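The values are calculated or read from the model by the stated rules, or taken from the named source; none is laboratory data. Computed from a prediction, not measured in an experiment: that's the story for all the values here. Here the Cβ positions follow ideal geometry from the backbone for every residue, glycine too, while neighbour counts run over all protein chains shown.
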Amino acid sequence: MKRDFYIKVNLEFCKRCGICSWICPVNAITTDEFGVPITEDSKCIGCRQCENHCPDFAIDIIEKERTESLG
């Protein structure tokens with residue numbers, strides 16, 4: 001069963017260094033021309049590399065709650 005994650009970036013803390021996009025193994029985070037992180041939650045595998053390496057503590061990876069139908 002695939003787990004789903006939400007990438008939360010606090011832009012008030014983010015200094016736009018680009019480490020998160022550089023370290024993400026599945027390109028779930030990229031940056032625009034100003035260095036602002038652009039996230040794609042559907043690609044996130046929950047490895048938390050971006051969260052662990054962010055020098056500004058601006059990223060949180062949150063596992064989404066799954067609601068599964070029994071039908």
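Once segment 5-21 is narrowed to residues that are touching a Cys at 6+ places or on another chain (Cβ under 9 Å) and surrounded by fewer than 14 Cβ atoms within 10 Å (Cβ to Cβ), the residue that is farthest from Ile45 (Cα to Cα) is Phe13. Checking each residue in segment 50-60 for being touching a residue at least 12 places away in the same chain (Cβ under 8 Å) and either surrounded by fewer than 19 Cβ atoms within 10 Å (Cβ to Cβ) or assigned to a loop (DSSP other than H, G, I, E, B) (or both) picks out His53, Cys54, Pro55, Asp56, Phe57, Ala58, Asp60. Can you work out which of the residues in segment 43-71 that are of a type outside the set (D, E, K, R) and modelled with pLDDT under 95 is farthest from Tyr6 (Cα to Cα)? Across segment 43-71, the extreme among qualifying residues is Gly71.
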